[in-house]
Amino acid sequence: MIWQIELIILMIVIVLAIGALAVKDLLSAAVLFGAYSFMMCLLWAIMGAVDVAFTEASVGAGVSTVLFVAAVFRTSRRTKD
Amino acid sequence: MKSIGAILTVFLGGLLIYCSMDFPPWGDPDSPANSHVSPYYIEHTLEDTSVPNIVTSVLADYRGYDTMFETIVIFTAGIACIFLLRMFKTVEPETRLYRHLPTGITLRIAKGGKFPDDSDHFKRIDSDWVPHDLILQTTCRMIIPFIQIFALYVIAHGHHSPGGGFQGGVIFGASIILFAIAFDLRSAIKRMGERLTAFLCALGVFIYAGVGLVCMLYGNNFLDYSALADIMGVDPISARSHGILMVEVGVGIVVMAVMVVLYYNLASAGKQDEGL
């Protein structure tokens with residue numbers, strides 16, 4: 001394992017997680033959450049859990065982002081708080 | 001209210017981090033998981049089940065009961081989505097848009113206006129998403145069969161490489177969602193209807209539980225696939241490998257159908273008429 005890469009990915013994960021919570025636009029939050037899932041997928045792959053990484057890439061980064069976007073499309077793009 | 005939420009989050013998060021101090025360090029060879037459980041799987045999986053991918057055999061064979069209820073959780077999610085969102089009363093939309101295919105002119109029909117639905121020259125289009133994307137549709141038409149074949153490969157090859165029912169099912173469902181996005185929701189529903197998806201949701205769970213039940217009928221434990229050896233005419237070890245494939249197919253069907261149900265209902269707000 002190259003610990004520098006791991007550290008960079010971990011920091012990106014934290015930044016994306018805070019960004020997804022803080023951003024006002026829900027569509028941006030959905031996209032940030034997809035990017036977060038993809039970084040988590042890279043972390044799983046680094047840890048050697050390839051099956052989990054595959055699931056995270058297909059479910060987390062793929063389908064759940066589409067479902068979030070569909071939900072935002074049918075509700076509102078702005079958060080109340 | 002917001003400050004109470006923040007305090008609660010910090011308190012519970014702190015409690016979780018404090019409790020995680022009691023865990024054995026990551027990768028500790030003396031931790032209970034690494035000293036009793038994992039070595040058994042690593043040493044015995046191949047001779048017990050003849051499956052090279054240990055994760056698949058643990059998921060579907062040693063811990064098959066867990067996976068069955070995971071499948072049922074996904075099934076329940078799909079059913080709950082239908083109950084919460086689906087509007088069974090057909091409400092006629094305010095206006096409908098039709099595109100005249102030879103000229104590209106868009107027609108707007110007010111509520112109550114009559115229009116021939118089966119005309120070859122007019123195509124109903126969504127009111128929110130009108131562009132006619134020839135490149136997108138042609139690309140999707142070409143790429144979707146390959147996505148679906150890859151999904152089937154992922155399900156069938158889960159014994160040897162990363163993959164299995166969950167991942168393959170999600171990829172297969174994503175191919176149908178891609179079709180619904182590239183064309184429109186109505187043409188996707190015409191090809192893969194609501195009744196079919198609901199039936200497939202139940203069929204997958206039925207396959208999984210049915211395999212377990214057949215094992216019980218042959219006098220073994222629930223989901224002990226070595227009982228299938230007599231039916232399939234192979235030795236008990238290969239029978240366990242084939243049993244894993246059967247339940248993976250069941251899981252794949254459930255996951256695929258539930259993803260499609262979730263998308264149909266979310267994208268059309270339960271009306272299943274106009275969607276993303």
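What are the residues in segment B:21-73 that are of a type in the set (S, T, N, Q), part of a helix (DSSP H, G or I) and within 18 Å of residue B:211 (Cβ to Cβ), if any? Listed by number, the residues that qualify are B:49, B:56, B:57, B:67, B:71. Residues of segment A:8-25 include at least one that is more than 18 Å from residue B:168 (Cβ to Cβ) and in contact with a Lys or Arg (Cβ under 8 Å, 6 or more places away or on another chain). Inside segment B:39-59, residues that are surrounded by fewer than 20 Cβ atoms within 10 Å (Cβ to Cβ) and more than 14 Å from chain A (Cβ to nearest Cβ) make up a count of 8.
Here's the yes/no breakdown for (1) exposed (fewer than 15 other Cβ atoms within 10 Å of the Cβ); (2) hydrophobic (A, V, I, L, M, F, W, C); (3) at negative phi:
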| residue | (1), (2), (3) |
| --- | --- |
| A:15 | yes, yes, yes |
| A:34 | no, no, yes |
| A:42 | no, yes, yes |
| A:48 | yes, no, no |
| A:60 | no, no, yes |
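Residues of segment A:39-53 include at least one that is hydrophobic (A, V, I, L, M, F, W, C), closer than 18 Å to residue B:150 by Cβ and either away from every other protein chain (no Cβ under 11 Å) or in contact with a His (Cβ under 8 Å, 6 or more places away or on another chain) (or both). For segment A:17-32, a residue qualifies if it is of a type in the set (A, V, I, L, M, F, W, C) and exposed (fewer than 15 other Cβ atoms within 10 Å of the Cβ), and the qualifying residues are A:18, A:21, A:22, A:27. Select from segment B:190-231 the residues that are assigned to a loop (DSSP other than H, G, I, E, B) and touching a residue at least 24 places away in the same chain (Cβ under 8 Å) and write down the one among them that is surrounded by the most Cβ atoms within 10 Å (Cβ to Cβ). Ranking the candidates gives B:223 first. Do the conditions hold for residue B:76, that is, is it free of Cβ contacts under 8 Å to residues at least 40 places away in the same chain, in a helix (DSSP H, G or I) and surrounded by fewer than 20 Cβ atoms within 10 Å (Cβ to Cβ)? Criteria met by residue B:76.
Bear in mind that the values in this text are calculations on the coordinates, not laboratory data. Every value quoted in this text rests on a predicted model; they were computed, and no experiment measured them. Cβ coordinates were reconstructed from backbone atoms using ideal geometry, including for glycine residues, and neighbour counts include every protein chain displayed.
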